[in-house]
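The values are calculated or read from the model by the stated rules, or taken from the named source; none is laboratory data. Quick caveat, the model's predicted, so the values are computed rather than measured. Neighbour counts are summed over all protein chains in view; Cβ atoms, including those assigned to glycine, are modelled from backbone coordinates with ideal geometry. In case anyone asks, the SASA skips ligands and DNA or RNA and just uses the protein heavy atoms, side chains included. Shrake-Rupley method; radii C 1.70, N 1.55, O 1.52, S 1.80 Å.
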Amino acid sequence: MRKYHKITPEGTKDLLFEECLTHRYVERTLAEVFSARGFHEVITPGLEFYDVFDTNFSGIGQETMYKLSDKQGRLICMRPDSTMPIARLTATRLQNLPRPIRLYYTQYIYCNNPGLTGRNDEVMQSGIELLGTRGRRADLEVIATAIEALGRCVSNFRIELGHAGFFKAIASQLPIDDAVREDIRLYIESKNYAALDLVLDQLGDNESVAAMRRLPRMFGGEEILEEASTLCLDVNASKTLTYLQELYSALKTLGLGDHIMIDLGLVQRTDYYTDIVFSAYAEGYGDAVLTGGRYDNLLAGFDAPMPAIGFAMNVDAITDILINQGKGKKSFGADVLIHCDDGFEIKAFSYASNLVSEGLRCENSVFETRKESLDYAKQMGIPRVDFVGDQIETRIRLGGETE
């Protein structure tokens, strides 16, 4: 018995008309930004071997992956992330290219979100990866590209800038194992202060615990860096703040400071990111629309060690924002409905082709009678009907009437 043949799986949805047009508009806009900055498009398979996303170095939990097996019984999964396949691609087919390697992509990822919490399991992402280079110039370019890409799509957004090394420096001072550290990271990332306090209360009262307790609240402007300097317990923490200050100042000099905020509680996937991390939020959407950062250790897992930085933007989220703001791309119907009398089908198709070449949107009528075609045009809001027979006649509807 069929129970689910009229619905889509949880975490997926159909896209219709305006959604499709707006979706394509966002994709084209981002592609224009990325290609103009010298990035080259790649597409990776929707199916990858599970080994590509080994949890030990991808930071992606196996419970979030959609898994299946191929005909030889090997474990594969639907792509839950685009960076890992691009790392695989770079380490194999692109290993002899001069560096840096500039790549961009627009493709779906598939993640099982337990409870969903409003998130989709199927998400279209568009992003860039700058591989084979490190340093402030590379970081500036990627963040500036993220700001430009967002600015081309939405008007009101902010980028939160953090550093994975700051959390790691504080965590290294605590008597905890990797499992507890991951719990603390998740609580900070979700701003779950109650759960964070429960864990930290068990670690006593010292400078490191106090610093970790304050971390998720360290969000704001440049003054946050000065406040954070009082938490620096070792040279590694101090270095991260110094670099953040330099990067923030450079972004302000570029005129991008209005879009940047400091968030030292930004601790997403610290086993994946090594240095700079950033997320972007836009008005009208409750979750991050863009995430990124530097992942200098990732490609070593593919036997091609090199530094890298990139970001991914949620195309679906940007589409929803534009539509909800009334800025979606409208789906327009035909300008002309072409009805052909019996025996004049070929003439009608040729006539329609000529009108299309002139820039008109034409729809060929499938109805037998002229009255049926006129009724259909009225129902669909098509303003003009052309009858093709021995002669070509045009009917233009005025105020719902025909003449």
Overall Cα dimensions of the range 131-285 - principal axes, largest extent first, Å: 48, 35, 31
Value of D in µm² per second that Stokes-Einstein yields for the range 274-403, Kirkwood Rh from Cα pairs, at 20 °C (1.002 mPa s): 111
Neighbourhood charge, 12 Å Cβ-Cβ cut-off, centred on Asp258 and excluding it, Lys, Arg +1 and Asp, Glu -1: +2
Solvent accessible area, Å² - Cys153, 1.4 Å probe, full protein context: 10
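Cβ under 14 Å from Ala31's Cβ, Ala31 left aside: what net charge do those residues give with Lys, Arg +1 and Asp, Glu -1?
Values: positive: Arg24, Arg28, Arg37, Arg102, Arg152; negative: Glu27, Glu32, Glu41, Glu148.
Spelling it out: positives minus negatives among the neighbours equals +1.
At 1.4 Å probe size, with the rest of the protein present, what percent of the exposed accessible area of the range 1-121 is carbon and sulfur atoms?
Result for the range 1-121: 53 percent of the exposed heavy-atom area is carbon or sulfur.
Averaging sequence separations of C-alpha pairs under 8 Å and six or more residues apart, then dividing by the length of the range 3-86, give the relative contact order as a whole percent. Intermediate values should be presented prior to the final figure.
On the way: 54 pairs, mean separation 20.1, N = 84.
Value for the range 3-86: 24 percent.
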Carbon + sulfur, % of accessible area of the range 299-361 - ligands and nucleic acids excluded, 1.4 Å: 54
Apportionment of accessible area to carbon and sulfur, the range 137-250, percent (1.4 Å): 49
For the chain, the fraction of alpha-carbon pairs in successive 10 Å shells from zero, as %: 4, 18, 24, 21, 13, 9, 6, 3, 1, 0
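Loop-only trypsin sites (Lys or Arg not before Pro) in the range 164-196, please: DSSP not H, G, I, E or B, and at most 15 other Cβ atoms within 10 Å. Can you show the working numbers first?
Numbers: sites: Lys168, Arg181, Arg185, Lys191; in loops: Lys191.
Filter output for the range 164-196: Lys191.
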Percent RCO, i.e. relative contact order, over the range 178-309, from Cα pairs under 8 Å lying at least 6 residues apart: 19
Equivalent ellipsoid, the range 141-180 (semi-axes from 5 times Cα gyration tensor eigenvalues, Å): 35, 10, 8
Solvent-accessible surface (1.4 angstrom probe) belonging to Glu63, in square angstrom, nearest 10: 120
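Working from the pairwise distances between different alpha carbons, so that the mean of 1/r is found and then inverted, what is the range 236-326's Kirkwood radius in Å? Don't skip to the end; give the middle numbers.
Working: mean 1/r = 0.0662 Å⁻¹.
Computed over Cα pairs of the range 236-326, the Kirkwood hydrodynamic radius comes out at 15.1 Å.
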Heavy-atom accessible area per residue - the chain, 1.4 Å, Å²: 51
Most mobile of Arg37, Arg136, Arg370 in a GNM of the chain (Cα contacts under 10 Å): Arg370
Relative contact order of the chain, defined on C-alpha pairs under 8 angstrom at six or more residues apart (%): 18
